[in-house]
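The block underneath contains the structure these notes are about, expressed in structure tokens.
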Amino acid sequence: MPLSNRVPELAALDVLVAVGRLGSMGAAGREHGLSQQAVSARVRSAERQLGLRVFDRGAGGVQPTAEGALILEWASAILDSAEEMASGVAALRGERDANLTVAASMTIAEYLVPGWTVAMRRKYPNVVTSVRLLNSTDVAAQVRAGEADLGFVEGPAAPDGLRAVEVAHDELVVIVPPGHKWIARAPIDPSELAATPLIQREPGSGTRTTLEHAVPGCVDPLLELTSCTAVKAAVVAGNAPAVVSSLAVETDLHDGRLASVRVEGLRMPRRLLAVWDGSRGLRGAARDFLDIACGRS
């Protein structure tokens, strides 16, 4: 579906947000290295494209209109998302000359690492961060081998031989597509979950390891996939259950694309851990990144 021609380009949105934040065309121009006339022209062009007046002009400066205030809020969210994407792309492309190499399990990489890399880039713009997306077993192996400065894994305990600190917590949930027979019968018995071929993550993933600890004796999977996104799509397409991170399905459950099913007496909490080699320790950028992940910076 093509993007609406009512949406200005990112550069124009950036100028609009700057004018709204600073309350002045001239101040926004100084921030962006533009003349006041150039800023005014960009604002007028964006307003024509939107079909709405974003600002009221007056002798004391500019003030957002009622519609403009809402547009500026949306524009700010778009710019934040664009910055997050830019930071993520830079991280993925930066392996060759990275100052910091981070290895992260798929769930953490998809739902938590982008925000941490944005914060790292803003606070330490000269640090190039490379992010490697792996399962938890491979993350631990790269940290032990010195190929990653810092790792993030999912699971009940720290991998052998590594130091660890909890940065967040999560819980696995059983998901099914809307209309699945388990929805009307919930809670289901743990034995039925164990006896049902599930769509699962690959061996070595934190999700798979947590499930196998919580529900011993599960039958062979119906299908094995290497990302949460692929698992969710397969659940809908195959009308089959899966066990996934609650982080990965929060929006899907809210919007009704998927449903969660309670299992009698079963909870599957797990710790999300930062891990590193204790003999090498954490210094410089790795310590700074950990502080951001732990909410200390």
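The values are calculated or read from the model by the stated rules, or taken from the named source; none is laboratory data. Everything numeric in this text was worked out from a predicted model, so none of it was measured. Note: ideal-geometry Cβ built from the backbone for every residue, glycine included; neighbour counts use all protein chains shown. The protein model used for the area step is the full one, side chains on, heavy atoms only, and it has no ligands, DNA or RNA in it. Shrake-Rupley method; radii C 1.70, N 1.55, O 1.52, S 1.80 Å.
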*Please find the FRET efficiency linking SER35 to HIS254, where r is the Cβ-Cβ separation and R0 is fixed at 51 Å, and quote it to the nearest 0.05.*
0.65
*For the stretch 1-80, treating each Cα as an identical point scatterer without solvent, what Debye log10 I(q)/I(0) comes out at q = 0.12, 0.13, 0.18 1/Å?*
-0.29, -0.34, -0.66
*On the protein heavy atoms, probe 1.4 angstrom, tell me the percent of accessible surface of the chain carried by carbon and sulfur.*
52 percent
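Evaluated at 20 °C with a viscosity of 1.002 mPa s, what Stokes-Einstein diffusion coefficient in µm²/s does the stretch 156-205 have when Rh comes from the Kirkwood expression over alpha-carbon pairs?
On the way: Rh = 14.4 Å.
The calculation lands on 149 µm²/s.
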*asked:* Debye calculation, C-alpha points only, no solvent: report log10 I(q)/I(0) for the chain at q = 0.08, 0.15 Å⁻¹, in the same order as the q values.
replied: -0.49, -1.09
*Apply the Karplus parameterisation 6.51 cos²θ - 1.76 cosθ + 1.60, with θ equal to phi minus 60°, to every residue of the stretch 27-34 and state each ³J(HN,Hα) to the nearest whole Hz, in sequence, with x for glycine and proline.*
5, 5, x, 5, 5, 9, x, 10
*Computed Rg/Rh of the stretch 75-183, alpha carbon atoms with Kirkwood Rh*: 1.06
*asked:* Sort 120-128, 144-152, 226-234 by the packing proxy (mean of other Cβ within 10 Å over each peptide's residues), most packed first.
replied: 144-152, 226-234, 120-128
_Can you give me the C-alpha center-to-center distance between the stretch 138-205 and the stretch 260-297, rounded to a whole angstrom?_
14 Å
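If you rank TRP74, TRP116, TRP182 by how much accessible surface each has, with a 1.4 Å probe, what is the order from largest down?
Values: TRP74 145, TRP116 30, TRP182 5 Å².
Correct descending sequence by accessible area is TRP74, TRP116, TRP182.
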*Return the single residue from ALA214, ALA242, ALA103 with maximal mean-square fluctuation; model: Gaussian network over the chain, springs between Cα atoms under 10 Å.*
ALA214
*Using alpha carbons only, how many degrees (0 to 90, rounded to 10) separate the axis of helix 228-238 from the longest principal axis of the chain?*
70 degrees
*Modelled label-to-label distance, VAL165 and ARG296, 7 Å Cα→beta-carbon offset: nm?*
0.3 nm
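Which length gain, in nm to one decimal place, applies between ARG262 and LEU22 when the Cα-Cα distance is subtracted from 0.36 nm times their residue separation?
On the way: separation 240, 0.36 × 240 = 86.40 nm, distance 5.01 nm.
The span from ARG262 to LEU22 would gain 81.4 nm if fully extended.
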*Between beta-carbons, use under 13 Å as the cut-off and find the net charge around VAL215, counting Lys and Arg +1, Asp and Glu -1.*
-2
_Label zone at GLU73 (point 7 Å along Cα-to-Cβ), backbone N below 19 Å, the stretch 24-57_ = 52-56
*Return the distance in nm (one decimal) between the two label points of a simple spin-label model at VAL7 and LEU223, each offset 7 Å from Cα along Cα→Cβ.*
2.9 nm
*Per the Kirkwood treatment, what hydrodynamic radius in Å, one decimal, follows for the stretch 202-297 from the mean inverse distance over all distinct Cα pairs?*
16.1 Å
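Report the FRET efficiency, 1/(1 + (r/R0)^6), for GLU212 and ALA82, where r is their Cβ-Cβ distance and R0 is 41 Å, rounded to 0.05. Please list the in-between numbers first.
On the way: r = 39 Å, r/R0 = 0.96.
About 0.55, to the nearest 0.05.
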